[in-house]
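Asker: Before I ask anything, here is the structure I am working with.
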DNA sequence: GACACCCGAGCAACCGTTTGCATTAATTGC
DNA sequence: GCAATTAATGCAAACGGTTGCTCGGGTGTC
């Protein structure tokens with residue numbers, strides 16, 4: 001029922017190869033013929049079958065995007081941005097959810113491999129060695145993780161954690177806690193490393209609690225332990241946990257920020273809407289999605305900005321595996337709202353290094369967005 | 001580099017057709033041969049190329065899912081559920097975002113058509129006639145809309161709106177407002193119709209304000225008008241708008257629920273986390289996603305539960321277009337939290353028809369989930 | 001006027017699978 | 001012991017495109 005290339009060829013009285021070229025290499029066909037073919041294609045409603053094309057070109061114009069949990073509010077903005085960027089470049093995007101399960105991740109990469117030109121692996125829970133191995137099957141870009149030899153885009157959560165700790169110590173807090181994230185999370189380790197260091201420089205103590213599930217429930221469940229730890233400020237692995245913690249503390253009669261200050265990470269939309277509004281480290285999730293797609297498609301021979309001279313010069317030769325191995329790091333920033341306040345050692349007030357939010361204005365547009373071609377911070381490995 | 005069926009055939013010393021049958025019709029091949037082939041396939045890491053298979057079978061084992069806005073918290077649970085259900089049946093899912101743009105919807109259906117076995121159209125903004133036309137190009141299941149002759153799954157927002165209005169009037173409110181949703185939304189019309197009728201029966205007035213963008217900002221922007229309208233209770237098109245409205249009212253010095261009661265629709269995760277916690281109409285979004293996938297795959301010949309006798313009996317003959325046209329309606333329920341309170345005409349208290357939430361328990365599991373095979377409420381058209 | 005050249009179009013092989021049909025060997029019935 | 005059936009496999013034609021190659025004919029050059 002749907003029109004094929006043969007139908008168009010018949011209708012316009014040319015060979016199918018001419019029709020093919022009309023679409024994939026217009027300069028090779030006489031303008032007159034070309035317009036006739038295009039007219040026929042138009043009236044027949046012809047669209048080339050991408051699967052068939054992929055069979056011979058080896059390029060599917062599809063991308064896989066694997067995330068831990070679609071419903072976790074951290075991911076939708078990233079998915080949206082990635083999808084949008086992909087579509088601008090005429091790519092479609094498979095989205096898959098692993099439910100935080102490393103096994104599912106592996107299986108999904110295998111299942112998707114033949115159907116996509118590359119896979120975006122978001123906050124993977126797999127081991128690095130498995131990721132490396134999978135990357136030999138299909139091009140991979142890792143988000144929120146650094147894997148030696150693989151292109152990656154990560155948020156500088158280390159910097160964010162440091163800013164958060166500095167903010168808290170400047171407010172006069174001396175006894176801090178860190179609510180860790182899920183086991184196997186690169187981000188969680190990174191936060192811990194940076195927060196510990198920052199606390200040490202500020203001569204404050206830092207109690208690490210975790211690992212925990214990265215959900216609201218994970219935060220709520222820790223309220224009791226936080227109270228028992230006798231700390232006056234808490235940095236949580238993400239906003240969801242921070243919000244859950246505030247809920248939990250509230251039901252224990254502990255007030256935020258009067259009794260305990262809480263800082264989240266991610267700046268999900270939700271954090272602007274809770275009471276108190278959450279002080280948090282904003283991570284440029286949308287930018288990460290866009291950047292990751294750009295990195296994956298960097299050498300797309302169909303794309304004008306491709307590395308090739310322009311006209312696709314034949315099939316990629318074997319050994320041409322010089323895909324970028326750049327690792328892009330995106331800046332984070334501290335957004336101070338209402339969940340943090342002065343600590344017992346009466347601090348001077350607010351730190352000067354961070355953004356203090358004045359209105360509901362979209363500080364989103366200010367997120368740094370590097371060009372992949374010349375990453376602002378390429379980390380050695 | 002990746003192993004093809006030919007590699008496996010060579011390695012196991014049989015013809016490629018035998019390898020093919022080993023996977024797609026195992027009963028036709030000698031058990032001994034079969035296990036040898038499977039062993040070879042295993043060691044070579046062979047996975048059949050789905051695109052190639054699709055070329056000849058006509059079945060891609062892919063589904064398209066088109067939503068208005070991935071980042072709108074209403075959608076992620078639906079996407080997640082649909083993806084999960086699809087994967088259980090060995091389908092992959094393309095997700096696309098239209099940014100609330102009808103033109104993008106049409107283009108996406110066209111672009112996806114050849115690559116999928118069907119498309120789930122979520123809260124479409126297109127005209128009904130265009131949708132019908134597109135459904136001749138690729139099987140469609142519509143979510144949150146009723147289109148004559150097309151399979152659909154809708155939430156019974158009419159019932160929800162009625163429950164909400166009854167709840168408010170029972171509390172003693174006599175002057176209500178409705179914050180309408182986006183133009184072209186079936187749901188918005190449905191809510192308006194039911195709310196108007198319910199208000200009339202309760203001898204209350206209902207002012208309709210809108211249409212509005214279905215976002216937090218859309219709600220905030222209407223705060224002034226709501227105050228000016230002199231109403232004591234508001235039903236919003238969705239939770240996001242309700243929350244925005246509460247914010248807006250708050251900054252005008254209007255307290256919720258003391259001065260004005262607010263009810264949302266959807267029961268997104270967020271609505272449990274704001275202060276005051278939002279009274280809202282819970283819609284079974286996850287169930288909708290699962291059900292829609294089931295409807296689309298209902299006659300999947302590969303699936304054990306398919307309508308065919310079992311073994312796929314050859315190609316579908318032309319004219320076998322008896323895809324279900326059932327329209328499934330999912331029940332909604334009112335969840336009473338803290339954003340609604342007594343009105344000026346001192347009411348009796350709480351209505352008896354709804355769920356009053358006692359704890360943070362997951363009332364989610366209670367969502368009704370009909371079997372497609374025998375829909376509980378099939379609407380005539 | 002012969003030659004080299006290029007433009008435009010056709011030919012046919014190929015991508016990785018599926019599947020109707022033909023072929024062979026083994027089994028059954030009588 | 002022979003025809004008829006059945007089981008297991010091979011053969012080759014699709015599916016819808018792409019692309020290196022061939023080929024005819026018009027043009028430009030000397």
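The values are calculated or read from the model by the stated rules, or taken from the named source; none is laboratory data. For clarity, every value in this text was computed on a predicted model and none was experimentally measured. A quick note on method: Cβ atoms are made from the backbone with ideal geometry, for glycine too, and the neighbour counts reach across all protein chains shown.
Asker: Kindly indicate which of A:49, A:72, A:62 is farther than 29 Å from residue A:186 by Cα, within 11 Å of another protein chain (Cβ to nearest Cβ) and buried (at least 18 other Cβ atoms within 10 Å of the Cβ).
Answerer: Details: A:72 fails: farther than 29 Å from residue A:186 by Cα; A:62 fails: farther than 29 Å from residue A:186 by Cα.
Just one listed residue meets the conditions, A:49.
Asker: Given the conditions (1) surrounded by fewer than 24 Cβ atoms within 10 Å (Cβ to Cβ); (2) in a helix (DSSP H, G or I), which single one is not true for residue A:207?
Answerer: All conditions pass for residue A:207, except number (2).
Asker: Going by the conditions given, is residue A:62 within 16 Å of DNA strand C (Cβ to nearest atom) and closer than 26 Å to residue B:289 by Cα? Outline the logic, then answer.
Answerer: Numbers: within 16 Å of DNA strand C (Cβ to nearest atom): yes; closer than 26 Å to residue B:289 by Cα: yes.
Criteria met by residue A:62.
Asker: When region A:24-46 is examined, which residues are found to be within 14 Å of chain B (Cβ to nearest Cβ) and either modelled with pLDDT under 95 or in a loop (DSSP other than H, G, I, E, B) (or both)? Even if it seems obvious, please write down each step before you answer.
Answerer: Initially, region A:24-46 is screened for residues within 14 Å of chain B (Cβ to nearest Cβ), giving A:41-42, A:44-46.
Correct list: A:45, A:46.
Asker: OK, next. Kindly list the number of the only condition in (1) within 13 Å of chain A (Cβ to nearest Cβ); (2) buried (at least 22 other Cβ atoms within 10 Å of the Cβ); (3) assigned to a loop (DSSP other than H, G, I, E, B) that fails for residue B:145.
Answerer: So the condition that residue B:145 fails would be (1).
Asker: Looking at (1) within 28 Å of residue A:266 (Cα to Cα); (2) more than 10 Å from every other protein chain (Cβ to nearest Cβ), can you tell me which one residue A:57 breaks?
Answerer: With (1) within 28 Å of residue A:266 (Cα to Cα); (2) more than 10 Å from every other protein chain (Cβ to nearest Cβ) applied to residue A:57, the lone miss is (1).
Asker: Taking the condition of being within 12 Å of DNA strand D (Cβ to nearest atom) and surrounded by 13 or more Cβ atoms within 10 Å (Cβ to Cβ), how many residues in region A:1-44 meet it? Break it down stepwise before answering.
Answerer: Pass one, region A:1-44, residues within 12 Å of DNA strand D (Cβ to nearest atom): A:1-10, A:14-26, A:28-30, A:37, A:41, A:44.
Next, from what is left, pick out any that are surrounded by 13 or more Cβ atoms within 10 Å (Cβ to Cβ): A:2-5, A:7-10, A:14, A:16, A:18-24, A:29, A:37, A:41, A:44.
Summing the residues that are within 12 Å of DNA strand D (Cβ to nearest atom) and surrounded by 13 or more Cβ atoms within 10 Å (Cβ to Cβ) in region A:1-44 gives 21.
Asker: Scan region A:1-16 for residues that are near DNA strand C (Cβ under 8 Å from one of its atoms) and either farther than 23 Å from residue B:58 by Cα or within 14 Å of chain B (Cβ to nearest Cβ) (or both) and report the count. Full working, then the answer.
Answerer: So the first thing to find is which residues in region A:1-16 are near DNA strand C (Cβ under 8 Å from one of its atoms), and the list is A:9, A:13-16.
Now narrow it down to the ones that are either farther than 23 Å from residue B:58 by Cα or within 14 Å of chain B (Cβ to nearest Cβ) (or both): A:13-15.
The number of residues fulfilling the criteria is 3.
Asker: Could you figure out which of (1) in contact with a helix residue (DSSP H, G or I) (Cβ under 8 Å, 6 or more places away or on another chain); (2) assigned to a loop (DSSP other than H, G, I, E, B); (3) in contact (Cβ under 8 Å) with a residue 40 or more places away in the chain isn't true of residue A:265?
Answerer: (2)
Asker: Continuing with this model, one more query. Can you tell me how many residues within region A:110-136 are in a loop (DSSP other than H, G, I, E, B), within 16 Å of DNA strand C (Cβ to nearest atom) and either away from every other protein chain (no Cβ under 14 Å) or closer than 21 Å to residue A:184 by Cβ (or both)? Don't jump to the end; show me each part of the working.
Answerer: Residues of region A:110-136 that are in a loop (DSSP other than H, G, I, E, B), as a first pass: A:114-118, A:123-127, A:135-136.
Adding the requirement that they be within 16 Å of DNA strand C (Cβ to nearest atom) leaves A:114-117.
Cutting the leftovers down to either away from every other protein chain (no Cβ under 14 Å) or closer than 21 Å to residue A:184 by Cβ (or both) gives us none.
Result for region A:110-136: 0.
Asker: Any residue at all in region A:84-104 that is over 22 Å from residue B:60 (Cα atoms), at the interface with another protein chain (Cβ under 7 Å from one of its Cβ atoms) and at pLDDT 95 or above?
Answerer: Yes, because at least one residue in region A:84-104 is over 22 Å from residue B:60 (Cα atoms), at the interface with another protein chain (Cβ under 7 Å from one of its Cβ atoms) and at pLDDT 95 or above.
Asker: For region B:176-201, give me each residue that is in contact with a helix residue (DSSP H, G or I) (Cβ under 8 Å, 6 or more places away or on another chain) and either surrounded by fewer than 20 Cβ atoms within 10 Å (Cβ to Cβ) or not in a helix (DSSP H, G or I) (or both).
Answerer: Of everything in region B:176-201, those that are in contact with a helix residue (DSSP H, G or I) (Cβ under 8 Å, 6 or more places away or on another chain) and either surrounded by fewer than 20 Cβ atoms within 10 Å (Cβ to Cβ) or not in a helix (DSSP H, G or I) (or both) turn out to be B:176, B:177, B:178, B:179, B:180, B:181, B:182, B:184, B:193, B:197.
Asker: Could I ask something else about it? Got at least one residue in region A:58-74 being over 17 Å from residue A:141 (Cα atoms), part of a helix (DSSP H, G or I) and touching a helix residue (DSSP H, G or I) at 6+ places or on another chain (Cβ under 9 Å)?
Answerer: Within region A:58-74, not a single residue is over 17 Å from residue A:141 (Cα atoms), part of a helix (DSSP H, G or I) and touching a helix residue (DSSP H, G or I) at 6+ places or on another chain (Cβ under 9 Å).
Asker: When you go through (1) under 18 Å from residue A:70 (Cα atoms); (2) within 10 Å of chain B (Cβ to nearest Cβ); (3) without any contact (Cβ under 8 Å) to a residue 24 or more places away in the chain; (4) in contact with a helix residue (DSSP H, G or I) (Cβ under 9 Å, 6 or more places away or on another chain) one by one for residue A:107, which number turns out not to apply?
Answerer: It fails just one condition, (4).
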